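Heads up, the thing below is written out as structure tokens.
The values are calculated or read from the model by the stated rules, or taken from the named source; none is laboratory data. Everything numeric here is computed off the predicted structure, so don't read it as measured data. Heads up, the Cβs are rebuilt from the backbone with ideal geometry, glycines too, and the neighbour counts pull from every protein chain shown. Heads up: the accessible areas ignore ligands, DNA and RNA and are worked out on the full protein's heavy atoms, side chains in. Shrake-Rupley method; radii C 1.70, N 1.55, O 1.52, S 1.80 Å.
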Amino acid sequence: MLPPALLRRALAAAARLARARAGPQALLATGPRQDTSIFYEIRTYDIKPSKMKEFLEMVNKYIHFRTAHSELVGFWYTELGAMNKVFHIWKYDNFAHRTAVRQALANDKDWQGKFMSAALPLMEKQHNEVAYLVPWCQLGKPPKEGGVYEWVTFQMKPGGPALWGEAFRAAINAHINTGYTKLIGVFHTEYGLLNRVHVLWWNESPDNRAAGRHRAHEDARVVAAVRNSVRFLESQQNALLIPLQCSPLK
């Protein structure tokens, strides 16, 4: 058997060769994805601190104009980890679908006049990413309403899932197997910072999450899986999210 370092290099080389043989289109992909053209646009807005309450009220009041055009997965504001931010995720069938939706929104007088014209002055920054669900994850739902969400962003080392995919999956599964948290989705970026993975978890409450994490830290299976995956990790950032009233995931 090859030493681990040589094995990783061999796997990475095999993946590069496969992409080259597949032609130019394959080179656009950053890693494995589900066998579908469906993708998710992850939008993050920084809101002026004094305007957060006003912004959230406007979203709840006028979001129906936006959801008339495409599917909203969830809409949250941050409670811990990053202040005065909102996260929202939109689902698209393909890039042509997104283009059509964006054109329709530009011509939607209700959306532009009642929401956008009033909301833009409340924002300080906007950021978007395009991501796919990883092949081994289906978008989930919480067992009940009223909990909290945790948004965890992992910046992995260059090389893509051919390098770190299996170790990352094992670490996620180890946390799932503890039973203290519910996995909602694992998203791998296609546009934005590459080699970035976002993981969305649901917990019944912040205290339940804290107790579960404490138990996980004492679980030998979790410790071993995490120790293996962090070899490929460059940075990690966590945020505790509260769903808006209008959010389908809440």
Of the numbered conditions (1) of a type in the set (A, V, I, L, M); (2) within 17 Å of the chain's Cα centre (by Cα); (3) more than 29 Å from SER205 (Cβ to Cβ); (4) open to solvent by 30 Å² or more (accessible area, probe 1.4 Å), LEU139 satisfies every one except a single condition; which is it?
-> (3)
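Of the residues LEU120, LEU72, LEU105, only one is of a type in the set (A, V, I, L, M, F, W, C), farther than 27 Å from LEU233 by Cα and touching a residue at least 60 places away in the same chain (Cβ under 8 Å); which? Please lay out each step first, then the result.
Numbers: LEU120 fails: touching a residue at least 60 places away in the same chain (Cβ under 8 Å); LEU105 fails: touching a residue at least 60 places away in the same chain (Cβ under 8 Å).
Of LEU120, LEU72, LEU105, the one residue that is of a type in the set (A, V, I, L, M, F, W, C), farther than 27 Å from LEU233 by Cα and touching a residue at least 60 places away in the same chain (Cβ under 8 Å) is LEU72.
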For residues in region 175-192 being at pLDDT below 95 and small (Gly, Ala, Ser), which is farthest from ALA225 (Cα to Cα)?
-> GLY192
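Look through GLY81, GLY74 and report the one residue that is farther than 16 Å from ARG43 by Cα and surrounded by 14 or more Cβ atoms within 10 Å (Cβ to Cβ).
Answer to the check: GLY81.
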Is at least one residue of region 193-201 over 17 Å from the mean Cα position of the chain (by Cα), open to solvent by 40 Å² or more (accessible area, probe 1.4 Å) and either of a type outside the set (Gly, Ala, Ser) or at pLDDT 95 or above (or both)?
-> no
Would you point out which residue out of ALA104, ALA100, ALA162 is open to solvent by 20 Å² or more (accessible area, probe 1.4 Å), modelled with pLDDT under 95 and of a type in the set (Gly, Ala, Ser)?
-> ALA162
Inspect all residues belonging to region 87-96 and state whether any of them is open to solvent by 50 Å² or more (accessible area, probe 1.4 Å) and either hydroxyl-bearing (Ser, Thr, Tyr) or in contact with a Leu (Cβ under 6 Å, 6 or more places away or on another chain) (or both).
-> no
Output the residues belonging to region 168-184 that are under 17 Å from the mean Cα position of the chain (by Cα) and under 15 Å from PHE232 (Cβ atoms).
-> PHE168, ARG169, ALA171, ILE172
Going through region 165-180 in order, the residues found to be open to solvent by 20 Å² or more (accessible area, probe 1.4 Å) and of a type outside the set (D, E, K, R) are ALA170, ASN173, HIS175, ILE176, ASN177, THR178, GLY179, TYR180
Could you figure out which of (1) assigned to a strand (DSSP E or B); (2) open to solvent by less than 70 Å² (accessible area, probe 1.4 Å) isn't true of ALA118?
-> (1)
Give the number of residues within region 72-115 that are in a loop (DSSP other than H, G, I, E, B) and in contact with a strand residue (DSSP E or B) (Cβ under 7 Å, 6 or more places away or on another chain).
-> 3
Close pairs from region 33-45: first without any contact (Cβ under 8 Å) to a residue 40 or more places away in the chain, partner open to solvent by 40 Å² or more (accessible area, probe 1.4 Å) and part of a strand (DSSP E or B), Cβ under 6 Å, at least 6 apart = none
